[in-house]
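These notes concern the structure reproduced below.
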Amino acid sequence: MENDSLSPSAADRFFARDVQDQLEKVFEAIPNEVKVYLFADPEDKSREIELGRDLLAAFQEVTDKIQIREYDLSHKIARKLKIDRSPTIAFAPDSYSIRYLGIPLGEEGRTLVETIVLVGLKTANLNEQTQKVLGRIGEPRKLRVFVSPTCPYCPQQAVNAIKAAIERPDMISVEIVDTSFNTDLAERYQAFSVPQTFADDVLIAKGAQPQELFAASLEKMEEQSYFIPETDAERVETDVVIIGGGPAGLTAGIYAARSGLKAVIIERDTLGGQVATTPVVENYPGLAHTGGKNLVDIMVQHALEYVRIFPRETVLEIQAGQPMEITTSLRRFATRAILFATGATHKRLGVPGESRYAGRGVSYCSTCDGPLFKERNVVMVGGGNSAVTEALHLHHIGAKVSLAHRRDHLRAQEQLVKDLDEKGIPVLWNTEIKEIRGEGTVRELVLYNNRTGGTETMEADGLFVSIGYEPEVELARKIGVELTGDGYIKHDGQHRTNVPGIYSAGDVEGGYKQIVTAAGAGAGAAMTIFEDLTHPYWKEESRNRMA
């Protein structure tokens, strides 16, 4: 049954006025009409389905370039397209095989907007390198990308797949699978962390990738860890290259530019770093309580007023000299100074089963993967602020969570510990995880009590790990930057390293690992770089030695 009824106030319910204005400008550039078909079970009266109808109606109110139609699963068009899941959204089905299984709410709203724009443009907007890789694919590929509405990394990977389908409609079909609507598919593919990408039912990627790595993984049918450009890359000349787009790097970019320096930021993964996946940020100055992603968006928008940001680029090589040369997966940079704001990554437990079940019940991000474990038994490992915050988040979204900590007291702030107690979240004191067992996915944990020496098994569907971070120092180490005994970058207090022209800021230096201190370090490093480029200390030291 076809349904063309629209709610006249849908746009106002979903979008603020300024957002509607931005969407109107974006959609004005679309030269072609975009057909969007919603397939839904007419017996399904759920709130989510109604939200999906209203969401699509809101977009149609913003622009006349979008044509919305709704059909039930028995309609001849559904049968022709072999669509048998409710809800499913198909985009321009006469031209492409692009489907969204679910309703793109939350973070997935970004996927919806980008898909509409790309389909309307009838171009994938890929760089030359990616086009070459996709052009070599000679056999059909059916892609499934598993996502969740709370995952800030998922839209990047979803859009990679959609671009591939637009670039090669003759070879590539795509289903973006919203795990909150399709738990059976998530279980069948054992996709218990997101994003995960399958091609012809073969896992080719865990996590979000730059578009070149995505294309290479799709071509090779297995995850690729690096991409080397096939042609000479663009060369960008600048005063300072900031490697890392977290709070330290973004703040450094702002302060460097305000000092009169030409600065760029290179970020391999998602802008904002760990903050982007932090459920709740409390007591950042001026913001008593906000979502981590919201804070990141504010920082990024501010930084973009001053600096050029190169997202989803991996630094491959750094060459010393003046200027210094940086080669990324896409281009080369010539710079007078380099700031390492590379942050830190999650520490691993290092126990049997951890690697095997990563993405199969073992997770390091409750924001991304938590919704997959609603009403399931999970354990959060750790005793600091992050572990307790994430345990509270898991409890809030309906997981049956326990906290395991190797000591008899928590390091977390008093208020967080109080919240933990008030929510009735059990704490397993003096407990260490010794092994993770399962059958395809996590099924049980081997627990060791370091006070009694006893060992027991515990049934669990998932294990979330938050036991600290390892600094990202490999790039710095390769060019001779000295490290501390704990493995962090060693600096002089003004963010100078032992290598002239090389600086550091943020979590990669160790310290308190707070957003506010990382931002302060970024600002301080930028001002030091400005002073040094104006009066290079290494030249003064060289002259003094010669005298």
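The values are calculated or read from the model by the stated rules, or taken from the named source; none is laboratory data. These numbers come from a predicted model, not from an experiment. Because the Cβ atoms are built from the backbone with ideal geometry, glycine has one as well, and the counts that use them run over all protein chains shown.
Out of Phe39, Phe59, Phe27, one residue alone is in contact with a strand residue (DSSP E or B) (Cβ under 9 Å, 6 or more places away or on another chain) and at pLDDT 95 or above. It is Phe39.
Look at region 70-86: where a residue is touching a residue at least 40 places away in the same chain (Cβ under 8 Å) and a partner is among the polar types (S, T, N, Q), sitting 6+ places away or on another chain with Cβ atoms under 6 Å, you get Glu70/Asn3. Take region 478-532 and flag every residue that is charged (D, E, K, R) and either crowded, with 24+ Cβ neighbours inside 10 Å or assigned to a helix (DSSP H, G or I) (or both). The answer is Lys478, Asp507, Glu509, Glu531, Asp532. Taking region 426-464, which residues are assigned to a strand (DSSP E or B) and of a type in the set (Gly, Ala, Ser)? The answer is Gly438, Gly462.
Candidates Ala199, Ala158: the one that is more than 19 Å from Tyr364 (Cβ to Cβ) and within 15 Å of the chain's Cα centre (by Cα) is Ala158. Within the span defined as region 229-249, every residue fails to be of a type in the set (Ser, Thr, Tyr), buried (at least 24 other Cβ atoms within 10 Å of the Cβ), assigned by TED's automatic domain parsing to the domain that holds Ile309 and modelled with pLDDT of 95 or more.
Here Ala320 clears all of (1) of a type in the set (Gly, Ala, Ser); (2) at pLDDT 95 or above; (3) within 22 Å of His491 (Cα to Cα) except the condition numbered (2). Across region 450-496, the number of residues qualifying as hydroxyl-bearing (Ser, Thr, Tyr) and in contact (Cβ under 8 Å) with a residue 40 or more places away in the chain comes to 2. Being β-branched (Val, Ile, Thr), modelled with pLDDT of 95 or more and in contact with a helix residue (DSSP H, G or I) (Cβ under 6 Å, 6 or more places away or on another chain) is a condition met by no residue of region 75-83.
Look at Ser402 and say whether it is under 26 Å from Asn450 (Cα atoms) and either outside the structural domain of Leu447 (by TED's automatic domain parsing) or assigned to a strand (DSSP E or B) (or both). When the stated conditions are applied, Ser402 passes them. Selection of first residues in region 54-68 that are within 15 Å of Val119 (Cα to Cα) and without any contact (Cβ under 8 Å) to a residue 60 or more places away in the chain and of second residues that are assigned to a helix (DSSP H, G or I) and of a type outside the set (A, V, I, L, M, F, W, C), restricted to Cβ pairs under 7 Å at least 6 apart or on distinct chains, gives the following pairs, ordered by first then second residue: Thr63/Glu24; Lys65/Gly120; Ile66/Gln60. Yes or no: Leu428 of a type outside the set (Asp, Glu) and more than 25 Å from Arg411 (Cα to Cα)? Criteria not met by Leu428. Annotation: Leu271 fulfils all but one of (1) surrounded by 22 or more Cβ atoms within 10 Å (Cβ to Cβ); (2) part of a strand (DSSP E or B); the unmet one is (2).
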